[in-house]
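J.: Have a look at this one.
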């Protein structure tokens, strides 16, 4: 810097230093009585009083702030020493001096805080501020200023002072965790939370931004979380502008790291519906913050269930699909620079999936914006990943076409390779978590059936691995695929789309996907053509594999159909699959339509547990086995049916380990004349010795099979397993199997397996004998079921009371609305009567009473519309016509009708005779004289008398329109109230408010609704306190 400029700058800074180095006790300050903020007129007095010396100081501070507005590092300048002296003087002689803080004008305080904020951009001055002991006094002064501001609503300079002070706190909080802990130690976090209720938008933004940095430490986050900031944040979400919601959502995202905040958000304030309602918006940053809040809330199992029941999964999956988003350029730090109303341009852009790869495409949009969309979708994948740990959530994701929506995100995008890397890894992690659920294995095998290398790497990652870096190798393999293999993978993902066009039909059933296949046929998921939400399982049995010639095929088909029909008509048990119908196609295929079970065979659970190196717990084994025993008791003793093919693949496990026995294709209905069966059917691994030896067998064959399954639940391997068929048959006949590991399970488990695997059928217990042996476990199971039932009943009762409470509240709102409408109507009638009372003298001259309304311009205020125009005529005693006119009116918008009787009466209009038209009236001549200005007063009269109605009916039915004479010589006519309606502006306003409130309380939709967004914005603008009028107009 040139020497002359340096000397001039030094001189100006020295002058400022001299001004602020003067002790306040030596200055001419206003008296305490004149400057007390608690007295009347304190704002004006404290602002205007003060010496010329203080005004000079304020001017110098203002010049400093203007000159160094863009300066960030004051230590790198040539005036470092004098800057340090100025800052030290501000702290010692101004901030830490009680006389100055109590009596200095607010404008001076504002200037001092502005200069301190600017200097504390440099971290050196932040450390100096703490070392000089300014933080305790600063926190104390901040708290007192906040209390005065909130109690008196002092906004002349107090709001600007608070803005500067919150920004100082923000700089201290962002510097180190030590500063954050000191701020909380001195209690400044309490007034900061109190400021969240301010109506000053800029001050609110600064407060939210400061709290974001303050809660970065665990201890400070816990301290802030103990206050009522969650409730205020939810109010901000409901009533404030978009930028406020952004800052509040970012603060809530950090606060959700504290378990107490999460509990308050869910249990105390019932904030989940409000959070989910924000997912209907289109702002990228707000959406991303809300989704990360959901990620943290989903860590709790109960909260995860509540999120699912509130509809979070369809909303998250909808965010992965095509829609329009809005995004601002980087949101500026809220400082005093925003006081000028600086606006940030917001732009709207659409992001869609490429028709082939599903990669992010944005026409004319920068890479930064595309990256923002990628980060949003990554957050959605993270939320879905967290929810998948719950089995119910996993099934809902699959049923809502989630595998297809997430699968599109793993496909590479060559144009934006770097942008989509993170999104690909997050999507792969979500798919891998879904793959860990046993019921989804077949779907992923279909997706990667042509990419064995990728599928191997995909499975080798392991179950429930959260580290995102573990998925990088699979992403690299996907991005290195040639176009041909990439096209095959894309087609495989498209095959999982549940909304794709159906091309295969079996009679009236549309085939959606193949669930499995075996030696005799396959099982598919189907639905009827005209019912899109009812799904079934359709099993195709190839009769050619059962019989060799056509005659035998027809015989086999007839026998199977006969047995299935018996089973279909008779079986009704919660643990037995439901059969609906059977039919044949192509003469050699038998189709069986049955209930679709959402779950996986227990055999897949065995394989999954082996991969996870886990085992079944004994309580879980008893839960499954007892359900199998209950189902077999029903089949054997009540329906006399033997399954004959009980294997792990025919026992389905669904939610809460609910057991369903399926595949009754080989089941046999026992006749009274045939107790034993001889045909060799079923799977040899689970066949009893009598079947292996081709001896007659009965229902005890199923006991052997469930004994094998019970053993496999304990060891994850069947009791009889070898590659040699003869050795396998010998082991089954001898009943030779490896005993359970000592201490792994109870003695009752070992003895139950031993009894079920008894070689001699006569010594093997029937199903009742098995149940009697485990009666204690069954009683414990019954008690557990009773507890679950009681819990569900309590939840149902709680939901019923909640529904009644909402219904009662809705009725209260309805009644209040009706009462308000009636009160408004009564007030309107009183005003109308008071207006008509002022014309009583004039009306008395005409012999008219009960006046309704008078038009000051002598124009009629009611009438008919359209084809209902009324020809109004009056005649003298000789019948000459003197007047003919038509009334027209507009119908008001639909509104609640009052039930008062006076609204159901007719509107009677009386028109006095007009002498100027040559009327010969025998009455008083003054009754027909025109008014001084040449106009005739026309008066509306509401009549409630039934004779008026009768007269009107007689006029309509008489065929001729004739005038009706009254006793005072006036001509009258009647108009139906359906033709003339009152227009009440208060009532119309109430109707509009009712519609606005009703629309704003509707549940969130799956797609963005611009009309609803406009209504919500209008409501916020209408009800927000201290909102500028020009914003309302805009």
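J.: Can you tell me which residue within region 350-376, out of those that are at pLDDT 75 or above and touching a strand residue (DSSP E or B) at 6+ places or on another chain (Cβ under 8 Å), is surrounded by the most Cβ atoms within 10 Å (Cβ to Cβ)?
T.: Top of the filtered list is 374.
J.: Taking the condition assigned by TED's automatic domain parsing to the domain that holds residue 769, at pLDDT below 90 and outside any helix (DSSP H, G or I), does residue 604 pass?
T.: no
J.: Any residue at all in region 391-404 that is out of contact with any strand residue (DSSP E or B) (no Cβ under 8 Å at 6 or more places or on another chain), over 26 Å from residue 654 (Cα atoms), modelled with pLDDT of 90 or more and surrounded by 17 or more Cβ atoms within 10 Å (Cβ to Cβ)?
T.: No, region 391-404 has no match at all.
J.: Hey, can you tell me all the residues within region 128-165 that are closer than 16 Å to residue 86 by Cα, touching a helix residue (DSSP H, G or I) at 6+ places or on another chain (Cβ under 8 Å) and assigned to a helix (DSSP H, G or I)?
T.: Correct list: 128, 129, 130, 134.
J.: Among the numbered criteria (1) at pLDDT 90 or above; (2) surrounded by 11 or more Cβ atoms within 10 Å (Cβ to Cβ); (3) assigned to a helix (DSSP H, G or I), which one does residue 759 miss?
T.: Of everything listed in (1) at pLDDT 90 or above; (2) surrounded by 11 or more Cβ atoms within 10 Å (Cβ to Cβ); (3) assigned to a helix (DSSP H, G or I), residue 759 misses just condition (3).
J.: Can you tell me which residue among 117, 190 is under 27 Å from residue 232 (Cβ atoms) and surrounded by 20 or more Cβ atoms within 10 Å (Cβ to Cβ)?
T.: Working: 190 fails: surrounded by 20 or more Cβ atoms within 10 Å (Cβ to Cβ).
One residue alone meets the criteria, 117.
J.: Does residue 664 meet the test of being crowded, with 16+ Cβ neighbours inside 10 Å and assigned to a loop (DSSP other than H, G, I, E, B)? Full working, then the answer.
T.: Working: crowded, with 16+ Cβ neighbours inside 10 Å: yes; assigned to a loop (DSSP other than H, G, I, E, B): yes.
Criteria met by residue 664.
J.: Let me ask something else about it. Looking only at region 725-751, count every residue that is out of contact with any helix residue (DSSP H, G or I) (no Cβ under 9 Å at 6 or more places or on another chain) and either touching a residue at least 40 places away in the same chain (Cβ under 8 Å) or assigned to a loop (DSSP other than H, G, I, E, B) (or both) and tell me the total.
T.: 2
J.: Can you spot a residue in region 153-174 that is at pLDDT 90 or above and either surrounded by fewer than 16 Cβ atoms within 10 Å (Cβ to Cβ) or over 26 Å from residue 67 (Cα atoms) (or both)?
T.: yes
J.: OK, next. Residues of region 488-540 being touching a helix residue (DSSP H, G or I) at 6+ places or on another chain (Cβ under 6 Å) and either in contact (Cβ under 8 Å) with a residue 60 or more places away in the chain or farther than 27 Å from residue 321 by Cβ (or both), which ones?
T.: Passing the criteria: 493, 496, 497, 520.
J.: Scan region 688-698 for residues that are part of a loop (DSSP other than H, G, I, E, B) and crowded, with 23+ Cβ neighbours inside 10 Å and jot them down.
T.: Initially, region 688-698 is screened for residues part of a loop (DSSP other than H, G, I, E, B), giving 688, 693-696, 698.
Within region 688-698, 688 is the sole residue that qualifies.
J.: Same structure, new question: Restricting the search to region 84-120, which residues are outside any helix (DSSP H, G or I) and either more than 20 Å from residue 179 (Cα to Cα) or not assigned by TED's automatic domain parsing to the domain that holds residue 74 (or both)?
T.: 97, 104, 105
J.: Within the bounds of region 33-50, is there any residue that is modelled with pLDDT of 85 or more and within 48 Å of the chain's Cα centre (by Cα)? Reasoning before the result, please.
T.: Applying the first criterion (modelled with pLDDT of 85 or more) to region 33-50 yields none.
There is no residue in region 33-50 that is modelled with pLDDT of 85 or more and within 48 Å of the chain's Cα centre (by Cα).
J.: Here's a check for you: in region 615-647, which residue that is outside any helix (DSSP H, G or I), in contact with a strand residue (DSSP E or B) (Cβ under 9 Å, 6 or more places away or on another chain) and touching a residue at least 40 places away in the same chain (Cβ under 8 Å) is surrounded by the fewest Cβ atoms within 10 Å (Cβ to Cβ)?
T.: Taking the candidates together, the pick is 639.
J.: Something else: Within region 309-337, work out how many residues are outside any loop (DSSP other than H, G, I, E, B), in contact with a helix residue (DSSP H, G or I) (Cβ under 6 Å, 6 or more places away or on another chain) and modelled with pLDDT under 90.
T.: 3
J.: Suppose the filter is under 47 Å from the mean Cα position of the chain (by Cα) and on the phi > 0 side of the Ramachandran plot; does residue 780 pass it?
T.: In short, no.
The values are calculated or read from the model by the stated rules, or taken from the named source; none is laboratory data. In this text the structure is predicted, and so the values were computed from the model without any measurement. All Cβ positions, even for glycine, are placed from backbone atoms using ideal geometry, and neighbour counts span all protein chains on display.
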